[in-house]
Amino acid sequence: MSQAASTRSTWSNRWAFILVAIGSAVGLGNIWKFSYIAGASEGSVGVFIAVYLACVALIGLPLLMAEILIGRRGRGNPVVAMLNTAEESGNSPYWALLGWVGILGALMILAYYSVVSGWMLDYFWQSLAGGVDVKTAEEAERTFGALMASPMRLCFWHTLFVALTTAVIARGVVGGIEAANRIMLPLLFLILVLLTLWGAVVGDMPAALRFMFNFKTEAIKPGVVIDGMGHAFFSLSIGMGAIMAYGSYLDKKTNIGYTCAWIAIAGVFIGLLSGAAIFSLTFGYGLTPAAGPGLILQTLPLAFSHMPGGWVFAIFFFLFVIFAAWTSAISLLEPFVSWLTERYGIHRARAAWSTSVPVWLLGLAVCLSFNEWSGFKFFGRILFDLLDHLATRFMMPLSGLAIAIFVGWRLGKTIVADEIRLKPRLFGLWFNVLRFVVPVGIALVFVYELVLRDWLQ
Ligand code: PHE
């Protein structure tokens, strides 16, 4: 067993774990990313959503269980958890590299994640100060463009968001992470329900639902499949050590299978509900779902400016997005901080603040990639796009693939069955899906994406 096993914190109870895991899963991915990817796949949104749902069920859920299993069995930060489980099962210690990919990948995501969260803080602030008053699409575009062109504003809000995230992590697992989620998650859910109802009254919900669930096979286009899978990974926080770290604080009694089902269902439900709210306003005000990150920052303020009580709606909407982003960001910082505290015995607060410095610096470079440094391109992308592309299209799926191989083929059935205490039939189903469907699914999408896609287009 790991060195730190006896002194590690544990969540207060099973529901606390479900809450923090949902907090990690539901974030900018479900709101900002989901709406703009869906908006961009005009005509094939139904396909994108269907692929996303299928990937959540067939790839995401089994992987979520596997990742938590490693964390709980290994009783340590992702690097130590991989090392302990590899050792226990007689495998090479090099499997710990997977833990490294996770904890470093999470920091990389956090760098640009906190920049986007900064945009939300800026809009929240503007809404508090009387609302983002835009009457035409050009005005909305100009307002968003002005934020993007201002390194000062971007850096300021990014800095604030990193500080907010670090402050929670510094307070510890139960006193920080769990406490923050206990407050923010119920509020987030309440706000979302109110926004959806309000959206249904003033917006056009039938049009939104038609847009989201209109499945046409001829709309299956190259790219939509990988988008759907990438989104399933991102929105379930898979492969980046976040869920593994959270799993390491889980007690032995909790049933991983049922817990994960809750997490996946809640993640999907909140994602679809916020999509319905966003699109119903978009269509209700005769707007089109713009492509790119502009959707919730250009289209929605336009709807807010025209609707009765729009500024109140805007305040609550941005608060909702900020809570969602914040609870995810803390799960991105935790893996590295737990490694630092466990490896060097550093005090948690000091570990948290020192980890936040490189993240903050990389984030500053991301802020500049929209303006001063927009000329610096890597593989034709600005830094912001490069980081997102690397993380969601490569690191997360590849890390997911490695987790499936490790738990499905290397860990041994005895250990796996000891952690996943499901009825034999259900266990067999999960185990086989993890061993065959997950690796083959990820590999196929990869081959398609890297080799076939350009040919087919
Ligand atoms: N799931 C989060 C979101 O949807 C992002 C995230 C990815 C969090 C990976 C942790 C790990 O916004």
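None of the figures in this text is laboratory data; all of them are computed from the coordinates on show. What you see is a predicted model, and the numbers here were worked out from it, not measured in a lab. A quick note on method: Cβ atoms are made from the backbone with ideal geometry, for glycine too, and the neighbour counts reach across all protein chains shown.
Table for the structure above
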{"quantity": "Coordinate range along principal axes, alpha carbons of the chain, Å, largest first", "calculated": "64, 51, 42"}
{"quantity": "Separation in nanometres of the label points that stand 7 Å from Cα toward Cβ, at Glu87 and Trp353", "calculated": "3.3"}
{"quantity": "Low-density loop positions, chymotrypsin sites (Phe, Trp or Tyr not before Pro), the range 193-237 - DSSP coil, at most 14 other Cβ in 10 Å", "calculated": "Phe215"}
{"quantity": "Trypsin sites (Lys or Arg not before Pro) within the range 137-235: DSSP coil, no more than 15 neighbouring Cβ in 10 Å", "calculated": "Lys216"}
{"quantity": "Point-to-point label distance, Leu104-Lys252, nm (Cα→Cβ direction, 7 Å offset)", "calculated": "3.5"}
{"quantity": "Calculated [θ] (222 nm, deg cm²/dmol) that DSSP helices of n ≥ 4 give over the chain, each run adding -39,500 (n - 2.57)", "calculated": "-22000 deg cm²/dmol"}
{"quantity": "In Hz, Karplus ³J(HN,Hα) per residue of the range 430-442 (6.51, -1.76, 1.60; θ = phi - 60°; x = Gly, Pro)", "calculated": "4, 5, 6, 4, 5, 6, 10, 5, 4, x, 5, x, 5"}
{"quantity": "Hydrodynamic radius of the range 215-326 per Kirkwood, over alpha carbon pairs, in Å", "calculated": "16.9"}
{"quantity": "Extension gain (nm, one decimal) between Tyr448 and Arg210, 0.36 nm per residue minus Cα-Cα", "calculated": "82.8 nm"}
{"quantity": "Alpha-carbon centroid distance for the pair the range 37-81 / the range 154-195, whole angstrom", "calculated": "22"}
{"quantity": "R0 of 51 Å, Cβ-Cβ distance Asn371-Leu426: FRET efficiency to nearest 0.05", "calculated": "0.45"}
{"quantity": "Length gained when the stretch Asp133-Val437 is fully extended (0.36 nm per residue, less Cα-Cα span)", "calculated": "104.5 nm"}
{"quantity": "For the range 418-423, 3J(HN,Hα) per residue [Karplus equation, 6.51 cos²θ - 1.76 cosθ + 1.60, θ = phi - 60°, Hz, x = Gly/Pro]", "calculated": "5, 8, 9, 8, 9, 4"}
{"quantity": "Pairwise FRET efficiency - Ala149 versus Leu197, Cβ, R0 = 35 Å, nearest 0.05", "calculated": "0.45"}
{"quantity": "Equivalent-ellipsoid semi-axes of the range 44-146, from the Cα gyration tensor, Å, largest first", "calculated": "42, 20, 11"}
{"quantity": "Integer Hz, Karplus 6.51/-1.76/1.60 couplings in order for the range 140-154, x for Gly and Pro", "calculated": "4, 5, 5, 4, 5, x, 5, 5, 5, 7, 10, x, 4, 5, 4"}
{"quantity": "Dipole of the range 289-403 [Lys/Arg +1, Asp/Glu -1 at C-beta], most positive-end residue of Phe320, Ala303, Trp339", "calculated": "Trp339"}
{"quantity": "Chain lengthening between Trp15 and Phe394 when straightened (0.36 nm per residue, less Cα-Cα)", "calculated": "133.2 nm"}
{"quantity": "For the range 271-296 and the range 340-411, distance of Cα centres in Å", "calculated": "29"}
{"quantity": "Longest site-free stretch - the chain; sites: GluC sites (Glu not before Pro), DSSP loop, at most 13 other Cβ within 10 Å", "calculated": "43-371"}
{"quantity": "The range 93-147 versus the range 414-439: alpha-carbon centroid distance in Å", "calculated": "37"}
{"quantity": "Low-density loop cleavage sites - chymotrypsin sites (Phe, Trp or Tyr not before Pro) in the range 127-173, where at most 12 other Cβ are within 10 Å (DSSP)", "calculated": "none"}
{"quantity": "Quotient of C-alpha Rg and 2.2 N^0.38 Å, computed over the range 202-267", "calculated": "1.59"}
{"quantity": "Largest-first ellipsoid semi-axes for the range 257-317, taking √(5λ) over the Cα gyration tensor eigenvalues, angstrom", "calculated": "28, 13, 9"}
{"quantity": "Nonlocal Lys pairs with alpha-carbon distance under 25 Å, the chain (8 or more apart, or different chains)", "calculated": "9"}
{"quantity": "Tail weight of P(r) past 15 Å, computed on alpha-carbon pairs of the range 272-353, percent", "calculated": "67"}
{"quantity": "P(r) weight above 27 Å for the range 85-231, C-alpha pairs, percent", "calculated": "53"}
